[in-house]
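The block underneath contains the structure these notes are about, expressed in structure tokens.
The values are calculated or read from the model by the stated rules, or taken from the named source; none is laboratory data. This is a predicted model, so every value here is computed, not measured. Reconstructed Cβ throughout: ideal geometry from the backbone, glycine too, with neighbour counts over all protein chains shown. Protein only, heavy atoms only, side chains kept; ligands, DNA and RNA dropped before computing areas. Shrake-Rupley method; radii C 1.70, N 1.55, O 1.52, S 1.80 Å.
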Amino acid sequence: MGRTYIVEETVGQYLSNINLQGKAFVSGLLIGQCSSQKDYVILATRTPPKEEQSENLKHPKAKLDNLDEEWATEHACQVSRMLPGGLLVLGVFIITTLELANDFQNALRRLMFAVEKSINRKRLWNFTEEEVSERVTLHICASTKKIFCRTYDIHDPKSSARPADWKYQSGLSSSWLSLECTVHINIHIPLSATSVSYTLEKNTKNGLTRWAKEIENGVYLINGQVKDEDCDLLEGQKKSSRGNTQAASHSFDVRVLTQLLLNSDHRSTATVQICSGSVNLKGAVKCRAYIHSSKPKVKDAVQAVKRDILNTVADRCEILFEDLLLNEIPEKKDSEKEFHVLPYRVFVPLPGSTVMLCDYKFDDESAEEIRDHFMEMLDHTIQIEDLEIAEETNTACMSSSMNSQASLDNTDDEQPKQPIKTTMLLKIQQNIGVIAAFTVAVLAAGISFHYFSD
């Protein structure tokens, strides 16, 4: 028996309202959440067409082979940045004319695997073996309105299509649970002299991958308590008069404890690296995750929070590097300091849902630009007054300097004269010298933890 997809009714309305406008087909993304029993689809968004693509697809002989996978996967990567913890791109859809109704399967299959591969390449985390590995493809014939729903196993490129159920439900995510935390970041990434051929972006990602292990191995307090991962997240919550747990608009506060000292059973040696510089990430970020309210497990909630922490830090770095490349900002002279602002996070509510989507904003970007970006990426209109600026009180900078001496411990370098309101500090320091990266073995018994969030 195939998987069941419970779909928000507004998604069905959105898909039925898409007009081909003379095109042979329209493709897009399906967004939602996986669970062991069933999957939930709460949002669909069409891939914005290229101008030249719009003209080509109006040709009566246009085929699905003309589908621009590169354009579609780039859209998927952009959209994935706008999803909080717990939400994923679950699959793809295609709406076609009657003439192309029999040609959809191979095109959908290729597109689905391309989207998943592109998004997965940018992640700092991996799916677990227990998680659902099926992704959905949905084909709709614009003339007959027939729906064909199938799934593929993303771990098996040769997997065959399996039929799946597609069921609509109103108010699907109106009572989903939210988890919120503020995470304080202080990451030091040495830039090895042996990796000078790597881009700064690649070096930074390699450093973030090491930091991600700390987040993965952290201890997570939910409303101040450590809960067994197999427990029901709503265990101990108040019951309504009908005996149901009152989950509506329920929010959980999460705190993250990261391991500060190693157990006495762990021993390691100091590692000495010849480095050409270092990158420092420092500041505070707002993290949010959402989970369905149908008997959610603690481990699923914690996993959603972990992944939001990792995603939002990695995404901000990537957005900054893209901005520097796009604007072709010249490098400063060796003796000068250089400061750049990292984007901060904004949230916007999804109508009829407790879920909020997000985006990232630089100081020089207006609220109207963020609104337009939501419209372009998600094909949904939002109100400027609904934008929630989650972070606005932290100073951030990126400084670049060339010094003849190495620096290992100094993190209090010169700051911008005017504090910049944003999310976190990214400081790049180019040092010619040797940086010793020590991992100290602790002989004392027990484990100490460091509060990583408020």
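Please report the relative contact order for region 71-224, taking Cα pairs under 8 Å with a sequence separation of at least 6, and give it as a percent rounded to a whole number.
About 19 percent, as a whole number.
Bin all alpha-carbon pair distances of region 142-187 at 5 Å intervals from 0 and give each bin's fraction as a whole percent.
Bin by bin from 0 Å, the calculated values are 4, 12, 11, 11, 12, 14, 13, 10, 8, 3, 1, 0.
If contacts are Cα pairs under 8 angstrom and at least 6 residues apart, what is the relative contact order of region 128-195 in percent?
So the answer I get is 19 percent.
What does the highest-first list of 377-389, 3-15 look like by mean Cβ count within 10 Å?
Output ranking for 377-389, 3-15: 3-15, 377-389.
Could you work out how much longer the chain between Q37 and S16 gets when fully extended? Use 0.36 nm per residue separation minus the Cα distance between them, nm to one decimal.
Using 0.36 nm per residue and subtracting the Cα-Cα distance, I get 4.8 nm.
Please report, in whole Å³, the volume per residue of the convex hull around the C-alpha atoms of region 120-225.
236
Quick one: pull the percent of accessible area on region 112-244 belonging to carbon and sulfur, 1.4 Å probe, ligands and nucleic acids left out.
C and S atoms contribute 46 percent here.
Just to verify a number: what accessible area does D372 come out at with the full protein assembly present, 1.4 Å probe, Å² rounded to tens?
Rounded to the nearest 10, the figure is 80 Å².
In nm, to one decimal, how far is the modelled label at N186 from the one at I389, with both set 7 Å along Cα→Cβ?
2.7
T199 to D153: FRET efficiency via 1/(1 + (r/R0)^6), r the Cβ-Cβ distance, R0 41 Å, to the nearest 0.05?
0.75
Can you run phi through the Karplus equation (6.51, -1.76, 1.60; θ = phi - 60°) for region 137-149 and list ³J(HN,Hα) in whole Hz, with x for Gly and Pro?
Along region 137-149, the couplings run 10, 10, 10, 10, 8, 5, 7, 8, 6, 5, 10, 10, 10 Hz.
Counting only other residues whose beta carbon sits under 13 Å from that of L83, what net charge do I get with K and R as +1, D and E as -1?
Taking every other residue near L83 into account, the sum is +3.
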